[in-house]
Amino acid sequence: MKSSSPLSWLKSREGLYYLALALLLVVILPLALDPFRLNMVGKYLTYAFVAIGLVMCWGKAGILSLGQGVFFGLGGYCMAMFLKLEASTPEATAHQSTPGIPDFMDWNQVTALPWFWEPFHSFSFTLIAVLLVPGLLAFIIGVAMFKRRVSGVYFAIITQAIASILTILIIGQQGYTGGVNGITDLQTLMGWSIRTDAAKTTLYFVGVGTLFVCLFVARWVQNSKFGRILVAMRDQENRVRFSGYDVAAFKIFIFCLAAMFAGVGGALFTLQVGFMSPSFVGIVPSIEMVVFCALGGRYSLLGGVYGALLVNAAKSGFSESFPELWPYAMGALFIGVVLAFPNGLAGLYRRYVMPLEDRLFSRKPAARPARPEPARREDKTLPDHLSVEKP
Amino acid sequence: MNKDDFLLAVEGLTVSFDGFKAVDDLSFYLEPQEIRVIIGPNGAGKTTVLDLICGKTRATAGSIRFRGKELTKMKEHQIVHAGVGRKFQNPSVFEDLTVFENLEVSYPMGHTVMGSLAFKRDAAVIEAVESVARTIFLHDLLAEPAGLLSHGQKQWLEIGMLLIQKPALLMLDEPVAGMSVAERKKTAELLRVITRDHTVLVIEHDMQFVGDIADRVTVMHQGKVLSEGSIDHVKNDPRVIEVYLGH
Amino acid sequence: MFADYSSTELLSIFAMQGFAGLSLFSVFVLMAMGLAIIFGQMGVINMAHGEFMILGAYTTYLTSQFFQTYMPGFFAGYFFVAMVLAFLISGALGAFVEWAMVRHLYRRPLDTLLATWGLSLIMQQAYRSIFGAREVGVNLPDWMMGAFQVTDLVELPVNGLFVMIIALSIALAVYLLMFRSGWGRKVRAVVQNRPMAEAVGINTAGVDRATFALGCGIAGVAGSAFTMIGSTGPSSGQAYIVDTFLVVVFGGAQSLIGTIVSAFSISQAQSTMEFFLSGSMAKVLTLLTVVIILMLRPEGLMALKIRR
């Protein structure tokens with residue numbers, strides 16, 4: 001109804017929240033933290049990509065994927081393969097029995113570079129693959145599942161099974177994947193060392209920039225008619241279908257988008273951390289990613305970002321001082337968020353802080369802030385716990 | 001008359017659930033601009049017939065021709081695009097969206113993934129939404145979340161969501177069930193407006209209401225057509241009386 | 001992969017691996033039955049199901065220790081005591097969890113999934129604090145060791161056979177309870193129409209709690225069986241939740257026979273392939289096959305065509 005220029009929303013209250021996040025990530029944290037800590041934040045931020053995808057997929061569309069680690073890992077592995085090939089020049093690996101291939105292949109008696117490694121000599125191919133490999137897998141899973149109307153708990157568990165399959169596969173095929181250790185010892189990106197403090201800081205800012213690109217894409221999708229159809233689908237899937245929409249196509253699209261976001265996050269993770277391993281792919285990391293999103297607020301994009309930052313910061317804090325208490329805290333977090341505040345931090349903020357803001361700035365309540373959060377909507381249709389219909 | 005001259009030709013339609021035939025060798029024909037009401041006791045298979053036409057349930061056998069197209073082979077959203085609109089028995093509106101957005105989602109544009117991303121809320125859309133909203137008595141409530149509407153208002157909204165699609169055939173499943181007397185009267189008025197330029201297939205129990213609107217009535221019993229004709233004809237059909245008044 | 005073996009050898013290998021898979025089959029059947037009772041009947045998925053199983057396994061371990069130390073004379077019978085204890089302890093904890101957590105989450109299956117996952121993290125860490133990170137194993141009484149020699153190549157392990165008999169008896173008991181008893185009729189009534197069940201005077205909250213407890217109790221018995229096939233560690237149960245859920249879904253969530261058939265086929269497939277491939281590849285192939293079959297036939301092997 002109101003739309004002057006595509007960016008006019010930046011001046012609204014919502015725009016201020018984005019600005020505040022930008023201020024925090026671009027100015028405050030870099031000034032306040034030493035390069036080591038800033039690199040840690042950079043690492044946490046790569047999970048924010050997954051969280052944004054989950055907000056779109058789970059919060060908006062009601063599709064809970066417990067396999068986002070798969071896509072995060074695929075993006076990360078694509079980047080790691082490129083970096084590993086760069087590190088494995090024939091000169092650098094002259095002592096191996098087959099020079100010019102990654103060291104772990106040599107240890108595992110692989111004597112030639114496998115075919116699927118070949119294209120990762122090219123950086124542009126790698127960048128495309130970071131998006132397309134997760135996107136393609138999500139597409140295949142999406143077509144197979146959504147066309148047959150598999151949803152809810154079934155979908156969640158099958159994505160979890162896929163996470164489990166991929167982890168076992170990566171660990172089992174160590175000659176091709178680096179096995180349980182993953183792909184390690186990554187030094188340079190096109191000749192530029194990624195291990196120095198300066199490089200890590202640069203990568204941090206690249207990460208922040210990319211995150212905002214993804215946030216804007218997600219926001220655009222969410223505010224388009226597409227976004228309203230997602231919400232409508234979560235609510236009354238049949239009504240959407242009988243309003244003339246191919247529901248499966250919408251689900252496939254949003255699932256692919258979330259997978260690609262996760263892939264980008266994974267690739268940035270590899271760059272920030274300097275290695276990639278199956279421990280970021282499996283069941284446990286995948287479901288932890290869901291809690292980032294749940295804590296931040298499953299309906300809020302920015303909430304997802306803060307959730308990823310906070311949970312990971314807490315995890316590092318706990319693991320440094322009380323490692324044995326962390327699993328308890330994490331477990332309590334899962335239970336607490338779901339039982340006590342299913343709308344997460346964003347919901348609490350909306351409920352308690354926003355009215356304060358209103359009073360403080362003596363504004364009228366924002367245009368339509370009070371739209372009730374769809375608290376328990378996702379599961380209104382109980383019989384749908386078996387929501388597998390005849391195709 | 002060739003069967004493609006009818007708007008809708010249902011022939012030999014059968015569906016069985018694990019051997020139980022909910023609809024059994026059913027045939028009926030709808031002419032353009034006709035108002036047809038299906039009545040019948042509970043479990044007669046009325047709702048299942050609508051489910052079959054709109055693709056929610058797949059037929060075991062038989063054919064459904066609609067404007068020369070075979071609906072039994074089409075997907076749900078394709079059937080909608082062919083011109084069939086269906087209202088469910090329980091009001092199913094999008095409670096988290098506003099009334100405006102509910103109608104806008106149903107507006108027949110931007111129905112593909114890409115189309116919906118590029119969709120713009122232009123003057124034509126706003127005009128169409130407002131005009132339908134006036135018809136369904138919800139013009140003052142466009143900005144309200146649909147979840148806050150009363151039961152009757154939700155029913156009207158769902159009818160409005162069908163109207164904005166401009167379907168050639170409207171199927172309504174018990175449109176006045178659960179409504180107050182005042183709402184019922186208003187709905188009858190609404191249906192009379194609608195029936196001026198739509199073909200309508202209605203399931204209804206309220207005989208007064210049926211008598212008011214129906215051109216022809218089809219009585220279903222145990223998945224089959226028991227009787228068909230004008231309201232007076234079926235009311236006096238001994239088989240119908242037998243089924244309704246018991247043994 | 002079969003080329004290196006003669007046909008008689010192949011036959012014996014299949015038979016041997018098949019019998020070796022019996023214990024896995026029993027664990028699957030019991031786990032899946034517990035999960036299916038809870039999921040199929042209540043629409044709630046318990047991600048901590050594996051941890052309830054491990055609770056049963058630790059109970060069995062402690063019982064065996066106790067008998068060994070204080071009543072070595074009765075050691076031969078400890079397994080029966082352990083099974084009963086495992087059932088009671090896991091079931092009691094299940095009832096508590098239902099009261100404290102799950103009952104607030106009905107109608108939100110995805111949230112239940114996350115909350116019970118949180119529970120599983122807490123339970124795992126509790127095991128780690130109490131029993132240590134090292135895995136523990138039980139000693140079998142003499143009568144459960146050894147095997148029947150069927151042919152030169154094929155032998156039938158006594159403990160596997162014993163556990164299978166236990167599993168199938170429990171399956172039969174569950175069938176009788178669910179489909180032949182008054183209580184089971186109440187449970188099914190609640191499943192089909194909760195408001196109506198309430199209206200006719202069924203205590204639906206009580207039925208929910210008892211069903212959840214029963215499911216968890218059976219998981220505890222699965223834990224007793226589990227001590228036969230592997231050593232027990234704090235996170236041994238986690239690996240089983242995906243497999244178990246696939247068993248349930250594969251069999252068709254509402255069908256007891258389906259669950260048994262699918263537990264049998266999945267455990268046998270895995271056990272047989274393990275002989276020819278590495279354990280991890282066998283697992284990958286099994287899971288992948290099940291996932292692909294589920295993609296083709298999401299309603300499972302034995303689902304009814306229901307009017308929706």
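Here are some notes:
- Candidate set: the range B:216-236, residues that are among the basic types (Lys, Arg) and not in a helix (DSSP H, G or I); chosen: the one nearest to residue B:201 (Cα to Cα): B:216
- Residue pairs meeting the criteria (Cβ under 9 Å; at least 6 apart or on separate chains; first among the small types (Gly, Ala, Ser), in the range C:157-179; second surrounded by fewer than 19 Cβ atoms within 10 Å (Cβ to Cβ)): C:160/C:147; C:160/C:229
- Count of the range C:197-221 residues, restricted to those that are among the aliphatic types (A, V, I, L, M) and closer than 20 Å to residue C:128 by Cα, is 1.
- Tally, over the range B:134-162, of residues that are surrounded by 19 or more Cβ atoms within 10 Å (Cβ to Cβ), within 14 Å of chain A (Cβ to nearest Cβ) and either without any contact (Cβ under 8 Å) to a residue 60 or more places away in the chain or not in a helix (DSSP H, G or I) (or both): 4
- Close pairs from the range A:176-191: first within 15 Å of residue A:166 (Cβ to Cβ), partner at pLDDT below 90 and hydrophobic (A, V, I, L, M, F, W, C), Cβ under 9 Å, at least 6 apart: A:176/A:110
- Number of residues in the range A:134-151 that are at pLDDT 90 or above and surrounded by 19 or more Cβ atoms within 10 Å (Cβ to Cβ) equals 7.
- Residues considered: A:144, A:156, A:161. Of these, the only one that is under 30 Å from residue A:306 (Cβ atoms) and of a type in the set (Gly, Ala, Ser) is A:156.
- In the range B:40-53, the residues that are over 12 Å from residue B:219 (Cβ atoms) reach residues that are part of a helix (DSSP H, G or I) with C-beta atoms within less than 7 angstrom, at least six apart or across chains, in these pairs: B:53/B:71.
- Scanning the range C:191-212 for residues that are in a helix (DSSP H, G or I) and either among the polar types (S, T, N, Q) or in contact (Cβ under 8 Å) with a residue 60 or more places away in the chain (or both) yields a count of 9.
- Enumeration of residues in the range A:173-191 that are surrounded by fewer than 22 Cβ atoms within 10 Å (Cβ to Cβ) and at positive phi: A:179, A:185, A:190, A:191
- Every pair of residues 6+ apart whose Cβ atoms lie under 6 Å, when the first sits in the range A:91-110 and is under 17 Å from residue A:182 (Cβ atoms) while the second is assigned to a helix (DSSP H, G or I) and of a type outside the set (Ser, Thr, Tyr): A:102/A:84; A:105/A:175; A:108/A:174; A:108/A:175; A:110/A:175
- In the range A:310-335, residue nearest to residue C:104 (Cα to Cα) [restricted to those that are surrounded by 14 or more Cβ atoms within 10 Å (Cβ to Cβ) and at the interface with chain C (Cβ under 8 Å from one of its Cβ atoms)]: A:335
Every residue, every condition in (1) buried (at least 22 other Cβ atoms within 10 Å of the Cβ); (2) of a type outside the set (Gly, Ala, Ser), yes or no:
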{"position": "C:50", "(1), (2)": "yes, no"}
{"position": "C:59", "(1), (2)": "yes, yes"}
{"position": "C:73", "(1), (2)": "no, no"}
{"position": "C:94", "(1), (2)": "yes, no"}
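- Filtered residues of the range A:234-261 (kept if of a type outside the set (Phe, Trp, Tyr), facing chain B (nearest Cβ under 9 Å), within 21 Å of residue B:161 (Cα to Cα) and in a helix (DSSP H, G or I)): A:234, A:235, A:238, A:239, A:240, A:241, A:247
- With a requirement of 1 or more residues that are closer than 28 Å to residue A:246 by Cα, the strands (runs of 3 or more DSSP E) lying completely within the range B:9-75 that satisfy it span B:20-30, B:61-66.
- For the range A:41-65, the set of residues classified as of a type in the set (S, T, N, Q) and over 10 Å from the mean Cα position of the chain (by Cα) consists of A:65 only.
- Lone qualifier among C:139, C:159 - being at pLDDT below 85, within 23 Å of residue C:83 (Cβ to Cβ) and either of a type in the set (Gly, Ala, Ser) or buried (at least 16 other Cβ atoms within 10 Å of the Cβ) (or both): C:159
Each row is one residue, and each column tells you yes or no for (1) of a type in the set (Val, Ile, Thr); (2) more than 17 Å from residue A:307 (Cα to Cα).
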| position | (1), (2) |
| --- | --- |
| A:27 | yes, yes |
| A:41 | yes, no |
| A:70 | yes, yes |
| A:83 | no, yes |
| A:90 | no, yes |
| A:107 | no, yes |
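- Verdict on residue A:170 being within 14 Å of chain C (Cβ to nearest Cβ), touching a residue at least 24 places away in the same chain (Cβ under 8 Å), touching a Gly at 6+ places or on another chain (Cβ under 9 Å) and surrounded by 15 or more Cβ atoms within 10 Å (Cβ to Cβ): yes
- Residue satisfying condition, being over 19 Å from residue C:16 (Cα atoms), assigned to a helix (DSSP H, G or I), under 17 Å from the mean Cα position of the chain (by Cα) and within 13 Å of another protein chain (Cβ to nearest Cβ), within set C:247, C:261: C:247
This table checks each residue for (1) within 14 Å of chain C (Cβ to nearest Cβ); (2) under 20 Å from residue A:214 (Cβ atoms).
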site	(1), (2)
A:25	no, yes
A:40	no, no
A:59	yes, yes
A:73	no, yes
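- Restricting the range B:76-126 to residues that are facing another protein chain (nearest Cβ under 7 Å), in a helix (DSSP H, G or I) and over 21 Å from the mean Cα position of the chain (by Cα), the residue that is surrounded by the fewest Cβ atoms within 10 Å (Cβ to Cβ): B:117
- Selection status of residue B:214, surrounded by 14 or more Cβ atoms within 10 Å (Cβ to Cβ), touching a residue at least 24 places away in the same chain (Cβ under 8 Å) and more than 23 Å from residue B:151 (Cβ to Cβ): yes
- Inside the range C:101-122, residues that are within 7 Å of another protein chain (Cβ to nearest Cβ) and either part of a helix (DSSP H, G or I) or surrounded by fewer than 19 Cβ atoms within 10 Å (Cβ to Cβ) (or both) make up a count of 14.
- Selected residue (criterion: nearest to residue C:13 (Cα to Cα)) from residues of the range C:271-301 that are assigned to a loop (DSSP other than H, G, I, E, B) and among the aliphatic types (A, V, I, L, M): C:277
- With respect to (1) in contact with a helix residue (DSSP H, G or I) (Cβ under 7 Å, 6 or more places away or on another chain); (2) within 27 Å of residue A:287 (Cβ to Cβ), the lone exception for residue C:76 is condition (2).
- Pick from the range C:123-153, criterion β-branched (Val, Ile, Thr) and part of a loop (DSSP other than H, G, I, E, B), ranking: nearest to residue C:65 (Cα to Cα): C:138
- Members of the range B:54-71 found to be surrounded by 18 or more Cβ atoms within 10 Å (Cβ to Cβ) and more than 16 Å from the chain's Cα centre (by Cα), listed by number: B:59, B:62, B:65
The values are calculated or read from the model by the stated rules, or taken from the named source; none is laboratory data. Not measured: the values here are computed from a predicted model. Cβ: placed from backbone, ideal geometry, glycine included. Neighbour counts: every protein chain shown.
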